[in-house]
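First the structure, in the form of C-alpha cells, and then the observations on it.
A short reminder: the numbers here are calculations on the coordinates, not readings from a lab. On a predicted model such as this, the values are computed, not experimentally measured, just so you know. Cβ coordinates were reconstructed from backbone atoms using ideal geometry, including for glycine residues, and neighbour counts include every protein chain displayed.
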C-alpha cells in the first residue's frame, strides 16, 4: 500500500489517494460496510455504480461464519464475494467490545461467546492478523480494546497500554507472514486527550502504514467526540492515512474532513435505508410518513442516483409500507450514493481550495426535517 497526499486546504482538509494491489482509493473516502462479505441488498456492480472504491468487511462475523479457512480456500474474500476492488477488514475488537456481558479480556487476548450459537472463542492479536491475512484484505487492522463511555480512568490507562502491546504483537505477526499487507494501528485512550497522545506517540514510534482513531461514537456527546478528534488528528503523521472509525453522519464527515481525516466507515447509510430514513442535501426524511404518500418527486431533487432518476417518493413509500424487498434496495442505493457523492464534492472542493465555502454552503442548504 502507498499513500500520496496531493494537497492540504487552508482549513486542514486533505486530498490524497491510497494505492493498493486491487486499485486506487481517492481520499477523503467513505467505506460502505459489508459486514458479512456483502453490503446488504446490493451487488458489487451496484457498489461500483454508486461510486464505492473500497469496502469494509467484518473480521468477527466472517471468522465465525463461514470461517476464514473456507474463504481462503476460495482464493480470498475478493473472489468469494465478487468484489475485486480494495478491501479493508476490521480486527473484530469493536464487535467483541459490544459483547461486554459475555467476554473476558486478558493480556493474551479476549475470550467471548458467539452471538450465533453461544460457543466460546479466544481471539489474540496474532489470531486477528492471521484471520485477516486468510481473508486476503488489502488493509488489516490491529486488535485493540474499545472502552465504553464513561469508563474508570485507571482501567482506561491500563487498557490503553494493553492496546499498545497488542499493536506491537500484531505488527510482529504480520512481519512473519505477509509483509505485502498494510496493517493500520488503532489509537485508543477514551476521551482523555492525554492518554490519546500517549497512545499516538507509542504507535508512531512503531511506524505503521496508517493510523485510525477508535473508541469514538460510543455514547459520548458529539461535541466531545469532535474535541477529541480535533486534538488527535494533527498529532498523526502527515504522510500516512488518517482513519476515523465508525463515523458517522453527513455532518460528522464534513466536520472531520475539515479537521484532516482521510477515511471513514459507518453502517448509518445502509442501516437507516432499511429503516426508511433517507439522507438528502436538505436534511433527512422518513419515507413512511404520510406526507410522502402523494409526492411525485424524487427523494432529493439535487441527486442523480438511480433511485432518484426513476422513482417518486410516493412509490418508495408504497414499497416500504408494503415491506417489499425492493424498498430496502432502492433506499440503500440512494443513501450510499448520497454519502459517496458528498465525499466526491469534498474532494473537488479541497482541490479547488474552497473547502471552507463548501462547508458553509453544506450547512446553509440543509434543513432539519424533524422526522418528516
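Here are some notes:
- Among 20-30, 313-323, the order from most to least packed when residues are scored by Cβ within 10 Å on average: 20-30, 313-323
- Residue exposure proxy: 49, 217, 119, ordered by other Cβ atoms within 10 angstrom of their Cβ from fewest to most, comes out as 119, 49, 217.
- Listed candidates [x] 21.3, 70; [y] 20.4, 62; [z] 21.0, 66 - label of the one calculated as Rg and Dmax of the Cα atoms in Å: [y]
- Segment 250-301: C-alpha gyration tensor shape, a/c 1.5 cut-off, then a/b vs b/c: prolate
- Segment 106-173: C-alpha gyration tensor shape, a/c 1.5 cut-off, then a/b vs b/c: oblate
- Multiplying the residue separation of residue 224 and residue 323 by 0.36 nm and subtracting their alpha-carbon distance yields 31.8 nm.
- Highest mean first, the peptides 350-358, 220-228, 333-341, 162-170 sorted by other C-beta atoms within 10 Å per residue fall in the order 333-341, 162-170, 350-358, 220-228.
- Footprinting exposure proxy for 143, 174 (fewest neighbouring C-beta atoms within 10 Å first): 174, 143
- Considering helices alone, the calculated mean residue ellipticity of the chain at 222 nm is -12500 deg cm²/dmol, with DSSP H runs of length four and up weighted by -39500 (n - 2.57) and normalised per residue.
- Rounded if a/c under 1.5, otherwise prolate or oblate - segment 223-372, Cα gyration tensor axes: prolate
- Mean separation of Cα pairs under 8 Å and 6 or more residues apart, divided by the residue count, gives the chain a relative contact order of 17 percent.
- Cα centroids of segment 69-147 and segment 281-343: 34 Å apart.
- Here the label points at residue 309 and residue 152, each 7 Å from Cα along the C-beta direction, are separated by 5.8 nm in the simple model.
- FRET efficiency for the pair residue 194 and residue 111, taken as 1/(1 + (r/R0)^6) with r the Cβ-Cβ distance and R0 = 30 Å, rounds to 0.50.
- Ranked by the mean number of other Cβ atoms within 10 Å of their residues, highest first, the peptides 148-158, 237-247 come out as 237-247, 148-158.
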